[in-house]
């Protein structure tokens, strides 16, 4: 594998006859860019450290045992198979040489490019407390989602077996940090799991009495939404039994406990959902970033001062028509990717200059639970059952692949009718092949 | 959690007024036994180290990226929620004191019983070469299935990037050990993945040229099936491009390579499916076992020489009417569990003695691939498309839960129509929260 770049590298680079576009990351932005460049008469290489495109907005449902990973992910290869000019490489980018026009991968491969699109996405921002990550994972990757699901389910199992009411109370407490859409969705989803799915399943605890705390440092939850919608969500959460603590900052997180607003709470599960930071494209390029790790780009999404390097999605610090920074949203990344892919193709094939990117807000949404979601379309605000129905329809529509849509729709309908979630599995990391953790090898 | 057994233990035991039945393991046998005892007027405790009941016969489809874990697993709690006399405990049994009538768990909990049903199941048998397990996992647990899936998918990814034809050939080789139903099903499934699902997805390799070797030490594959059916499966595998090596024994397995029949083959993925050994109930009880770790039981499924201890499923060495040992099959475990649960209930409530267990063979089946399965109903032998249709219908019928049936049927139909499998995800164990494996923490 030492020089495995031969295939990709030999294709492009300044040495080749045709220019070569490299896209790093196959999230919403990178995938849309690749599709925009699909079918062009020059080669495109998409590099991602994962073999799948992940529908991140539904990851919280994997974390709360409602969906399976494969329901919201598709192999990148498969999604781009129809474009014969697009090649997919599974690899981890470790650096970019913007002068030499190369991307370096962890396995030593060097991939040459003529145009580079960076769309590496973002991770949760622990604001300098990276040591909190292990105690309070956020639903940002499948590994994290599985970890959250396991802690959540194990906490109820342990509470059921605990003879100590104090310990039971602690285990039945779930704390969610961050009152943005992810935090709200996690809180609502955990509350429904405890109140509906777990009903009748336990003998020694009442899962409906589980404590779910949603902690937000700011004065209200869902700060990016209009106040009436945020209030609606706040009340809906309270009806589900969620305690919403606004104006409360987190002072310390340790395994199973947390200090917030001066007091310490024990918890069976702590979930992080408080803001993101861009993945390290800034360091790869050696350019300045803002506090969230984002790189400032021009209206053509190019990095200022570098030639032929573009940044899109959560890593880009782009501004909207009003001069405000565009938020780290899937729809922003998707629109940027589609725009840049198409514009770059016209630019490379016909010499058309890249026009300025314009973001069109398609509406903002967050879901609290069954029959309860909020939608902000600017003038039009939707809530309740209509918001919820629209939320479900939009998310099924946005999923890639007819089979995934059918699977997710089936599971949501089933859940709606029966109040049951379908993926209540505790699957540990540490199990070993052929071993029985029960008691070691059998004598033979 | 030190004395968390108080809830379970206090319920039963000789100290209680009502007798207490403890069931260890919620596989096909244990679950059926619990259902047979559901609704009785005495308490029943089901102990399992996992929180879910797993439909093991379809695990190979999780390993070959066709299904998700949650499609073939249900929370044990949920499956038994309707029986108010049945309690479920998540715990690892480490020993049994048959004299004192207690079961000991790994966390120190001691659970008393009046009647004990042991149904711990089985693991793959490496016949003294337990060190092969890491290099050649078998599809017996979700962790193993995920490991196989990852190796399989990663091998193709690496082959795509490799500039060395020798290395490509090695990576595109999959070796499956054992010509029983699991081996046949794995081989067929891997062949279909390579030939159908991967078609068009790669640029530098032809996945259809993947080498799939099925290795069987005996003179023919599927030794438990009639010869005509085994021959049919053998030919169907060859048509799919699988090389079937009978009379070939495995001499050595190391990561990525294997010595068989005197020569060494390199492989991108090695899968084990060669026989099972019972989990360690024999050691818990301190009784003799056969070479596969099974405990001899009488016609009432009780362990000879012990009072009120029953063993069912893969751990029981029970004999059929013809005096031959019953095979380690789901249908045997299920029938034994249902029989014992009902008989024990009549015995405890009315004093009726436990009659001898009689196994009724419902037919044996193995699937090679699309439109190709074999069915042995004794006199009636089915093959080809009819066998395949029946196989699919029977397996969907046997799945627990309407939602799972719908999900699996949907995915199979989708796969049948499009040749695409839905779970081609490489999800590693080692990913960490908030970390970006790409390049360490972002400067902030």
> Of the residues in the stretch A:241-267, how many are part of a loop (DSSP other than H, G, I, E, B) and surrounded by fewer than 21 Cβ atoms within 10 Å (Cβ to Cβ)?
Replying inline: 9
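Residue by residue, here is whether (1) at pLDDT below 95; (2) closer than 21 Å to residue B:30 by Cα; (3) out of contact with any helix residue (DSSP H, G or I) (no Cβ under 7 Å at 6 or more places or on another chain) holds:
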{"position": "B:261", "(1), (2), (3)": "yes, no, yes"}
{"position": "B:268", "(1), (2), (3)": "no, no, no"}
{"position": "B:281", "(1), (2), (3)": "no, yes, no"}
{"position": "B:291", "(1), (2), (3)": "yes, no, yes"}
{"position": "B:294", "(1), (2), (3)": "no, yes, no"}
{"position": "B:301", "(1), (2), (3)": "no, yes, no"}
> Restricted to the stretch B:75-92, and to residues that are buried (at least 24 other Cβ atoms within 10 Å of the Cβ) and under 19 Å from the mean Cα position of the chain (by Cα), which residue is nearest to the other protein chains (Cβ to nearest Cβ)?
Replying inline: B:75
> Restricting to the stretch B:169-181, what's the tally of residues that are more than 12 Å from residue B:212 (Cβ to Cβ) and more than 14 Å from every other protein chain (Cβ to nearest Cβ)?
Replying inline: 4
> Going by the structure shown, is residue B:306 over 24 Å from the mean Cα position of the chain (by Cα) and buried (at least 20 other Cβ atoms within 10 Å of the Cβ)?
Replying inline: no
> What single numbered condition from (1) in a loop (DSSP other than H, G, I, E, B); (2) under 22 Å from residue A:185 (Cβ atoms) fails to hold for residue A:287?
Replying inline: (2)
> In this structure, does residue A:300 turn out to be part of a loop (DSSP other than H, G, I, E, B) and surrounded by 16 or more Cβ atoms within 10 Å (Cβ to Cβ)?
Replying inline: yes
> Taking the stretch A:46-65 on its own, how many of its residues are more than 12 Å from the chain's Cα centre (by Cα) and either facing chain B (nearest Cβ under 10 Å) or within 20 Å of residue A:137 (Cα to Cα) (or both)?
Replying inline: 6
> What are the residues in the stretch A:265-316 that are on the phi > 0 side of the Ramachandran plot and within 14 Å of chain B (Cβ to nearest Cβ), if any?
Replying inline: A:275, A:286, A:293
> Failed condition for residue B:156, given (1) facing chain A (nearest Cβ under 8 Å); (2) under 25 Å from residue B:59 (Cβ atoms); (3) out of contact with any strand residue (DSSP E or B) (no Cβ under 7 Å at 6 or more places or on another chain), with all others met?
Replying inline: (1)
> Inside the stretch A:173-185, can you point out the residues that are crowded, with 24+ Cβ neighbours inside 10 Å and under 18 Å from residue A:256 (Cβ atoms)?
Replying inline: A:174, A:175, A:176, A:177
> Could you count how many residues in the stretch A:162-172 are buried (at least 24 other Cβ atoms within 10 Å of the Cβ) and touching a strand residue (DSSP E or B) at 6+ places or on another chain (Cβ under 8 Å)?
Replying inline: 1
> Quick check, is residue A:152 touching a residue at least 60 places away in the same chain (Cβ under 8 Å) and either farther than 17 Å from residue A:267 by Cβ or buried (at least 24 other Cβ atoms within 10 Å of the Cβ) (or both)?
Replying inline: yes
> How about the stretch A:159-168: which of its residues are assigned to a helix (DSSP H, G or I), facing another protein chain (nearest Cβ under 10 Å) and without any contact (Cβ under 8 Å) to a residue 24 or more places away in the chain?
Replying inline: A:167
>> Suppose we keep only residues that are at positive phi and assigned to a loop (DSSP other than H, G, I, E, B) within the stretch A:376-412. Which one would you say is surrounded by the most Cβ atoms within 10 Å (Cβ to Cβ)?
In response: A:401
>> For residue A:68, only one of the following conditions fails: (1) within 10 Å of chain B (Cβ to nearest Cβ); (2) surrounded by fewer than 24 Cβ atoms within 10 Å (Cβ to Cβ). What is its number?
In response: (2)
> residue B:416 fails exactly one of the following numbered conditions: (1) facing chain A (nearest Cβ under 8 Å); (2) modelled with pLDDT of 90 or more. What is the number of that condition?
Replying inline: (1)
>> Regarding the stretch B:230-241, can at least one residue be identified that is more than 15 Å from residue B:125 (Cβ to Cβ) and within 14 Å of chain A (Cβ to nearest Cβ)?
In response: no
> Out of the stretch A:317-341, which residues are more than 16 Å from the chain's Cα centre (by Cα), within 22 Å of residue A:140 (Cβ to Cβ) and not in a loop (DSSP other than H, G, I, E, B)?
Replying inline: A:317, A:325, A:335, A:336, A:337
> Can you name the condition, by its number, that residue A:312 falls short on among (1) touching a helix residue (DSSP H, G or I) at 6+ places or on another chain (Cβ under 8 Å); (2) surrounded by fewer than 21 Cβ atoms within 10 Å (Cβ to Cβ); (3) closer than 24 Å to residue A:366 by Cα?
Replying inline: (2)
> Restricting attention to the stretch A:198-220, does a residue exist that is in contact (Cβ under 8 Å) with a residue 24 or more places away in the chain, in a helix (DSSP H, G or I) and closer than 30 Å to residue B:110 by Cβ?
Replying inline: yes
> For the stretch B:93-116, how many residues meet the condition of being under 25 Å from the mean Cα position of the chain (by Cα), within 23 Å of residue B:54 (Cβ to Cβ) and surrounded by fewer than 21 Cβ atoms within 10 Å (Cβ to Cβ)?
Replying inline: 2
> Between a first residue in the stretch A:394-422 that is more than 12 Å from residue A:67 (Cβ to Cβ) and a second residue that is in a loop (DSSP other than H, G, I, E, B), which pairs have beta carbons less than 8 Å apart while being 6 or more apart in sequence or on different chains?
Replying inline: A:398/A:55; A:400/A:55; A:403/B:420; A:403/B:422; A:405/A:399; A:416/A:370; A:419/A:199
>> Within the stretch B:117-142, take every residue that is under 12 Å from the mean Cα position of the chain (by Cα) and not in a loop (DSSP other than H, G, I, E, B) and give me the one that is farthest from the other protein chains (Cβ to nearest Cβ).
In response: B:122
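The values are calculated or read from the model by the stated rules, or taken from the named source; none is laboratory data. Keep in mind that what you see is a predicted model, and the values were worked out from it rather than measured. So basically every Cβ, Gly included, is an ideal-geometry build from the backbone, and we count neighbours across all protein chains shown.
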